[in-house]
């Protein structure tokens with residue numbers, strides 16, 4: 001069985017890349033493909049076992065490695081020019097474009113879908129507004145490109161034989177946008193690395209990339225109104241300076257930190273705060289793996305990973321008032337840290353690998369049995 005693994009792009013390490021890492025641990029003989037690869041040797045060793053990646057023509061465009069997103073209009077053509085015609089099995093890891101790779105009838109294509117492209121669908125208006133593309137000639141051009149992309153996106157979904165969704169939340173989105181059913185297999189959480197610790201300190205923790213939809217500013221603004229509560233914030237990104245400028249003395253911004261440092265704070269935090277409407281949301285599960293309860297927005301993937309009253313609490317709106325009310329509710333609960341850890345084990349990397357392997361091998365056998 002010749003196998004190809006197609007991923008959108010290799011630029012940073014996030015949830016999608018951890019899925020790729022786990023897939024490479026199941027099968028070490030994938031040939032790798034993506035639009036762009038800007039990994040250094042350290043990231044390549046960590047995620048790809050040191051393997052090289054076959055990339056698209058976008059890789060050769062000046063500045064593409066640093067800012068591939070400005071070449072959105074070229075994505076469909078670029079992914080279709082990746083030649084995977086010789087492989088028996090194609091697995092795509094897609095939150096944007098990878099699922100659109102061309103395949104033929106003698107190939108089985110399984111897509112692990114992190115989400116249909118959010119910038120083209122459910123975050124379309126937000127994307128235009130935050131990019132300053134909601135008006136003017138540039139705005140008209142961007143809207144035209146995204147309109148064409150949506151048409152291509154739906155058509156290319158028919159190139160996938162089976163979808164795997166990273167949550168029930170995404171399964172619903174796949175059904176709505178592509179009208180396709182999907183198997184739900186939650187992404188892998190490294191529950192061995194994010195280990196149990198029951199000695200909690202008197203601080204709250206928030207960690208995320210600092211971009212608008214993560215709502216880190218909301219968390220900071222809420223703690224600005226509660227000077228008696230300490231907040232530690234981990235993460236970097238475009239909004240870092242803005243958030244640093246509004247943070248008061250009870251808030252400490254750490255910026256980018258190592259995984260070891262992140263684990264240290266996750267293990268010791270009184271509670272982990274998560275204000276984004278995420279497809280799945282890995283940080284809240286990593287916190288629970290450390291035995292730390294979570295205060296999260298009650299939307300998206302968090303509804304599937306947090307048990308209210310047992311492993312955390314929800315707030316209903318992205319507002320200071322709603323988050324403050326959740327923090328008050330949180331303070332009245334005596335959490336069982338060991339039960340929180342046990343719940344997180346349902347999302348372990350080993351469970352992910354076992355489920356993915358079973359699903360792929362079953363579908364491949366069915367596919368082989370139906371060949372003439």
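Summary table
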quantity	calculated
Among (1) in a helix (DSSP H, G or I); (2) within 16 Å of residue 99 (Cα to Cα), the one test that residue 5 misses	(1)
Unmet criterion (only one of (1) under 30 Å from residue 139 (Cα atoms); (2) exposed (fewer than 15 other Cβ atoms within 10 Å of the Cβ)) for residue 49	(1)
Matching option when the condition is in contact with a strand residue (DSSP E or B) (Cβ under 6 Å, 6 or more places away or on another chain), under 18 Å from residue 359 (Cβ atoms) and assigned by TED's automatic domain parsing to the domain that holds residue 354, among 101, 84, 20, 53	20
Criterion violated by residue 356 - all others in (1) at pLDDT 95 or above; (2) buried (at least 16 other Cβ atoms within 10 Å of the Cβ); (3) closer than 24 Å to residue 266 by Cβ satisfied	(3)
Total residues in segment 185-230, condition in contact with a strand residue (DSSP E or B) (Cβ under 9 Å, 6 or more places away or on another chain) and part of a loop (DSSP other than H, G, I, E, B)	13
Enumeration of residues in segment 247-274 that are assigned to a helix (DSSP H, G or I) and touching a helix residue (DSSP H, G or I) at 6+ places or on another chain (Cβ under 6 Å)	266
Residue match in segment 151-165 (condition: assigned to a helix (DSSP H, G or I), surrounded by fewer than 18 Cβ atoms within 10 Å (Cβ to Cβ), touching a helix residue (DSSP H, G or I) at 6+ places or on another chain (Cβ under 7 Å) and modelled with pLDDT under 90)	no
Selection count where residues are free of Cβ contacts under 8 Å to residues at least 40 places away in the same chain and either surrounded by 16 or more Cβ atoms within 10 Å (Cβ to Cβ) or farther than 25 Å from residue 195 by Cα (or both), scope segment 316-337	9
Of all residues making up segment 112-144, the number that are part of a helix (DSSP H, G or I) and under 24 Å from the mean Cα position of the chain (by Cα)	7
Residues satisfying the stated conditions in segment 19-32, i.e. surrounded by 16 or more Cβ atoms within 10 Å (Cβ to Cβ), in contact (Cβ under 8 Å) with a residue 40 or more places away in the chain and more than 19 Å from the chain's Cα centre (by Cα)	30, 31
Considering residues of segment 45-71 that are touching a residue at least 12 places away in the same chain (Cβ under 8 Å) and part of a helix (DSSP H, G or I) only, the residue farthest from the chain's Cα centre (by Cα)	57
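The values are calculated or read from the model by the stated rules, or taken from the named source; none is laboratory data. All values derive from a computational prediction rather than experimental measurement. For neighbour counting, all protein chains shown are included, and Cβ atoms are generated from backbone atoms with ideal geometry for every residue, glycine included.
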